[in-house]
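Undergrad: My structure is below; once you've seen it, I'll send some questions.
What follows is calculated from the coordinates using simple rules that are stated; it is not laboratory data. In this text the structure is predicted, and so the values were computed from the model without any measurement. Backbone-built Cβ (ideal geometry, glycine too); neighbour counts: all protein chains shown.
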């Protein structure tokens, strides 16, 4: 609060001394770094000659004072010398005494005026400085800093704390009481998240005194950009199919436009496929290169899977082998067929043999059997077989010797049923042999069977 005080000091000297009147006018006794205290010293030259007048001062804080410079005054002239007091930033909240000395070049003695001013602060503690160990950090690192605080109270300062933080991270620190004008340096640490994105951050620090925020400051730091791509590669082989998988993950903190390329030898291109369409492909010497591009946010990944199906050519090859084997089998086989025809003399049995291969079969013979429910007519119209009677029936054997490619043989004989079999009878199969090696049998068939 501004106060106006007028102090009139009239100093009388001895009869032999020359005196001049001087008085103090107080405009504002309260001072702060932002608003100085203001005083005036009023001086009158009451002497018969002109002279130089000035105001000196004695104070423990001379740097805070500004005193108007000396001035020449004519006889009878008055002047008010202005004195301002601007305390420093760290001035304590208390009263200070000082002395002013009005004097003149034409006077033998000077005046002495004692007075005081008071430093009034709106707070008792200040945040003098805040420093970080670095100005840039990577994700996963720790922000380390310290704050220097100073007491500007005239008494012991207690119950204070420092709060530091940015976004959703904060910490509080405290320490022992501080003497008037004393300082404390408090250290703090704050984490940077592993997935923090590159950005400029503002660290806010504040001083809390007796539960009330009295001082605050801020400083900036940056979170750097991390460009990191991780690839995981795996493969499986189950003989018929080989699968190769590549997974790409953005482990940085910034979006990345990443391209993965996969090369396939030209001879494997027809049997190789991918789980996704490539963005482009390029033909190079003896291979094809496929390019897969993906925009990845931090933490995102994409997978490219290549599958080579060896079963496809293997199946085709197997098919060819089977076809060739079948063809070879067809080219290395003979046909034999047995049929029956009812005649007046009984059942005429015909056996047809044909070599449909490209080879000659040696020592070929045909064997057939007639059950004892029928008799065999021994008058054979064509080639005669060897006939051998058994307990179960009659065995017939024809020796055909060599069977050249394209050769055909027709063998016939007649049987007469001894009994009637309702529903017909199933005749045994005839066998074609090369030596003792069975080449083929006829199919089974049923025919009417009655005497």
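Undergrad: What's the extension gain from residue 122 to residue 155 if we count 0.36 nm per residue and subtract their Cα-Cα distance?
TA: Numbers: separation 33, 0.36 × 33 = 11.88 nm, distance 1.50 nm.
Here the segment from residue 122 to residue 155 would lengthen by 10.4 nm.
Undergrad: Now a separate question. Ratio of alpha-carbon Rg to the 2.2 N^0.38 Å globular estimate for region 229-312, to two decimals, please. Provide the component values of the computation, followed by the final result.
TA: Values: Rg = 14.0 Å, N = 84, 2.2 N^0.38 = 11.8 Å.
So the Cα radius of gyration is 1.18 times the expected 2.2 N^0.38 Å.
Undergrad: Still on this structure, please answer the following. How are the C-alpha pair distances of region 171-306 spread across 5 Å bins, as whole percents from the shortest bin up?
TA: 2, 7, 12, 13, 10, 9, 7, 6, 6, 5, 5, 5, 4, 4, 3, 2, 1, 0
Undergrad: To make sure I understand, if each residue's beta carbon is the centre and we count other beta carbons within 10 Å, what order do 193, 354 fall in, fewest to most? Each step should come with its number before you reach the end.
TA: Details: 193 13, 354 16.
Final ranking by Cβ density, sparse to dense: 193, 354.
Undergrad: Please work out, to two decimal places, the log10 of the ratio I(q)/I(0) at q = 0.11, 0.22, 0.23 Å⁻¹ from a Debye calculation in which every Cα of region 5-119 carries one identical scatterer.
TA: For region 5-119, the Cα-only Debye profile gives -0.37, -1.16, -1.25.
Undergrad: Right, another one. Counting other beta carbons within 10 Å of each Cβ, put 291, 413 in order, fewest first. Mind showing how you got there, number by number?
TA: Values: 291 13, 413 26.
Final ranking by Cβ density, sparse to dense: 291, 413.
Undergrad: Taking the number of other C-beta atoms within 10 Å as the exposure measure, put 153, 263, 286 in order starting with the fewest.
TA: On the way: 153 21, 263 12, 286 9.
Fewest to most other Cβ atoms nearby, the residues stand as 286, 263, 153.
Undergrad: Could you work out the helix-only [θ] at 222 nm for the chain, with each DSSP H run of four or more residues adding -39,500 (n - 2.57) and the total divided by the number of residues, to the nearest 500 deg cm²/dmol?
TA: Details: 1 runs with 21 residues, N = 451.
Rounded to the nearest 500, it is -1500 deg cm²/dmol.
Undergrad: Next question. Figure the gain on full extension for residue 232 and residue 307 (residue separation times 0.36 nm, minus the Cα-Cα span) and round it to one decimal in nm.
TA: On the way: separation 75, 0.36 × 75 = 27.00 nm, distance 1.66 nm.
Extra length from residue 232 to residue 307 when fully extended: 25.3 nm.
Undergrad: Can you compute the equivalent ellipsoid semi-axes for region 116-202, i.e. the square root of 5 times each eigenvalue of the Cα gyration tensor, sorted largest first and rounded to whole Å? Spell out each step's value before the answer.
TA: Values: eigenvalues 216, 30, 21 Å².
Its equivalent ellipsoid spans semi-axes of 33, 12, 10 Å.
Undergrad: For region 386-432, what are Rg and Dmax over the alpha carbons, in angstrom?
TA: Spelled out, the Cα radius of gyration and Dmax of region 386-432 are 14.4, 42 Å.
Undergrad: Can you match volume of the Cα convex hull per residue in Å³ to one of these, [x] 328; [y] 131; [z] 212, based on a calculation from the structure here?
TA: Only one option fits the structure, namely [x].
Undergrad: For region 334-449, what is one quarter of the convex hull surface built on the Cα atoms, given in nm²?
TA: 7.0 nm²
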